[in-house]
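Below: one structure, written as structure tokens.
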2 protein chains.
Amino acid sequence: MIEKLIKQNRSCRRFHEDYEIDTGTLKELVNLARLSASAANLQPLKYILCCNAEKNEQIFPCLAWAAYLKGWAGPQTGERPSAYIIILGDTEIAKNFGCDHGIASQSILLGAREKGLAGCMIGAVRRKKLRDVLKIKQRFNILLVLAIGKPKEEIMIETVGNDGNVKYWRDNDGIHHVPKRNLEDIILSCH
Amino acid sequence: MIEKLIKQNRSCRRFHEDYEIDTGTLKELVNLARLSASAANLQPLKYILCCNAEKNEQIFPCLAWAAYLKGWAGPQTGERPSAYIIILGDTEIAKNFGCDHGIASQSILLGAREKGLAGCMIGAVRRKKLRDVLKIKQRFNILLVLAIGKPKEEIMIETVGNDGNVKYWRDNDGIHHVPKRNLEDIILSCH
């Protein structure tokens, strides 16, 4: 079951933008992060939710999309995310957020996938600009932005070839291909 | 479904040590991490698996357990993990591993929970010692150790009180209590 969900949970970058997501849904997703592990149980992560079209339009230009797809500046109008969850690190609680935001993001996106949504973890963020747009205090580090929406693209996992190339690519039919390393190449040893 | 699994997936520190976990099970769990998101799809994580009692005994003293439980040095013989997954960062692939190990660990431990197992992400590791024990080359950073086994403790989530204390504690019946912040305290704003 979890294997199927993890397989289906691909980073998605084109959405049915007219599909509306409400605040209640985003809160349910953050609740999954809340119930997940946190280093020393400090729980230093804070969240800003957005599912408002006008605000979404201000958040969108703060994000860099799919660095490997040259000539594609990101989803066009009509295919942009319906919602965002911005993950912040509260520096009054911790100075180092370890991988807490990875744990939280995986919980949130698995939850989104189960609801028929999809998302993308975006680390390439114009942080100063986003801080202005959302009036984020200096106390909070901007760790990740999760873009969420109803998926409008097909994504296929394939195997990394002998050349070791891990760059995802999009074919002429718009299908997005993601090369993943073989299991035997990532397991160093078994005892 | 995923909510139930995330709720059940508590950090566990006491196990039925005599319960055997095989390499095939550990590989299935790492496969879940393999299929999960990775920043820029670089997939710089590598894994060492161990489900061998003798080797486990060498790994165990490299780990620090439950800093908040004063006077408890970690699980005693018979209650230790049956297996370990050591997550490494391959510095020939990336210099910075972002939160990839958080994403991977959450996938692995959700998979373990689904199999009736439980685990704990351990960041407090005597890295030099573990490097010696497992003959880990300098090329690899030791990011996290996942301890995995058949759970032998009851864990309850509760709410952080007004004092803001997030320290987990164990009651006289051996039940482990984990205070989690309220949802309204971690969501800064909704747009």
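The values are calculated or read from the model by the stated rules, or taken from the named source; none is laboratory data. Being a predicted model, the structure only gives us computed values, none of them experimental. Cβ atoms come from the backbone with ideal geometry, glycine included; neighbour counts cover every protein chain shown. Please note that ligands, DNA and RNA were not included when accessible areas were found on the heavy atoms of the full protein model with its side chains. Shrake-Rupley method; radii C 1.70, N 1.55, O 1.52, S 1.80 Å.
Distances from A:D171 to itself in the other copies, using label points 7 Å out along the Cα-Cβ axis, amount to 5.8 nm in increasing order.
A Gaussian network model of chain A, with springs between Cα atoms under 10 Å, assigns the largest mean-square fluctuation among A:I85, A:I155, A:I93 to A:I93. In this structure A:E114 has an accessible area near 80 Å², from a 1.4 Å probe over the protein heavy atoms. Centroid-to-centroid, using Cα positions, the range B:137-191 and the range A:44-68 are 28 Å apart. In a reduced charge model with +1 at each Lys and Arg Cβ and -1 at each Asp and Glu Cβ, the protein assembly as shown shows a dipole moment near 1160 debye about its Cα centre.
Between the residues A:P61, A:P75, A:A37, the greatest Cα displacement towards the positive end of the dipole of the range A:33-191, with unit charges on the Cβ of Lys, Arg, Asp and Glu, is found for A:P61.
Placing pseudo-labels 7 Å out from each Cα toward the beta carbon at B:Q8 and B:W72 gives an inter-label distance of 2.2 nm.
Counting, for every residue in B:121-128, the Cβ atoms of other protein chains within 10 Å of its Cβ and taking the mean gives 2. Let me make sure I get this right: for the range A:135-191, a, b and c are the square roots of the gyration tensor eigenvalues over alpha carbons, sorted descending. Under 1.5 in a/c it's rounded, otherwise prolate if a/b > b/c, else oblate. Which is it? Oblate, because a/c is 1.5 or more while a/b does not exceed b/c.
Net charge within 11 Å of B:I175 by Cβ-Cβ distance, Lys/Arg positive one each and Asp/Glu negative one each, not counting B:I175 itself?
-4
So, counting K/R as plus one and D/E as minus one, what does the shell of residues with Cβ under 12 Å around A:H16 add up to?
-1
If one computes P(r) from the Cα atoms of the protein assembly as shown, what percent of pairs lie at distances over 41 Å? List each step's numbers first, then the result.
Details: 7903 of 72771 pairs.
Counting every Cα pair in the protein assembly as shown, those more than 41 Å apart make up 11 percent.
Across B:N162, B:N52, B:N31, mean-square fluctuation computed from a Gaussian network of chain B (C-alpha pairs under 10 Å connected) peaks at B:N162. Buried accessible surface for the B/A pair, both sides summed and rounded to the nearest 100, is 5500 Å² with a 1.4 Å probe.
Charged side chains reduced to their Cβ positions (Lys and Arg at +1, Asp and Glu at -1) give the range A:38-191 a dipole of some 800 debye around its Cα centre.
Percent of accessible area on the range A:1-125 owned by carbon and sulfur, 1.4 Å probe?
Here carbon and sulfur together make up 46 percent of the probe-accessible area.
Among B:I87, B:I21, B:I157, the largest mean-square fluctuation in a Gaussian network model of chain B (Cα springs under 10 Å) belongs to B:I157.
Position A:E92: other-copy label points at 4.7 nm, ordered by increasing distance, label point 7 Å along Cα→C-beta.
Rounded to the nearest whole Å², what accessible area per residue is found for the range A:8-99 with the 1.4 Å probe?
42 Å²
Shape call for chain A from the C-alpha gyration tensor, a ≥ b ≥ c root eigenvalues: rounded (a/c under 1.5), prolate (a/b greater than b/c) or oblate? It is oblate, given that a/c is not under 1.5 and a/b is not larger than b/c. Quick one: if you stick a label point 7 Å off each Cα along the C-beta vector at B:R127 and A:A53, how many nm between them? Here the answer is 5.0 nm between the modelled labels.
In plain terms, the chain from B:K115 to B:A64 could stretch by 15.8 nm, reckoned as 0.36 nm per residue minus the Cα-Cα distance. Once the other residues with Cβ under 12 Å from the Cβ of A:Y84 are scored (Lys, Arg +1; Asp, Glu -1), what is the net sum? Net charge in that neighbourhood comes out at +1. For B:D163, the accessible surface of its heavy atoms amounts to roughly 120 Å² (probe 1.4 Å, protein chains only, rounded to the nearest 10). Within chain B, B:C12, B:C50, B:C51, B:C62, B:C120, B:C190 have no other Cys Cβ under 4.7 Å of their Cβ and so lack a disulfide-compatible partner by this rule.
Rolling a 1.4 Å probe over the protein heavy atoms leaves A:K27 with an accessible area of roughly 80 Å². Only DSSP H runs of four or more residues enter the estimate; each adds -39500 (n - 2.57), and after division by the residues of the protein assembly as shown the mean residue ellipticity at 222 nm equals -8000 deg cm²/dmol.
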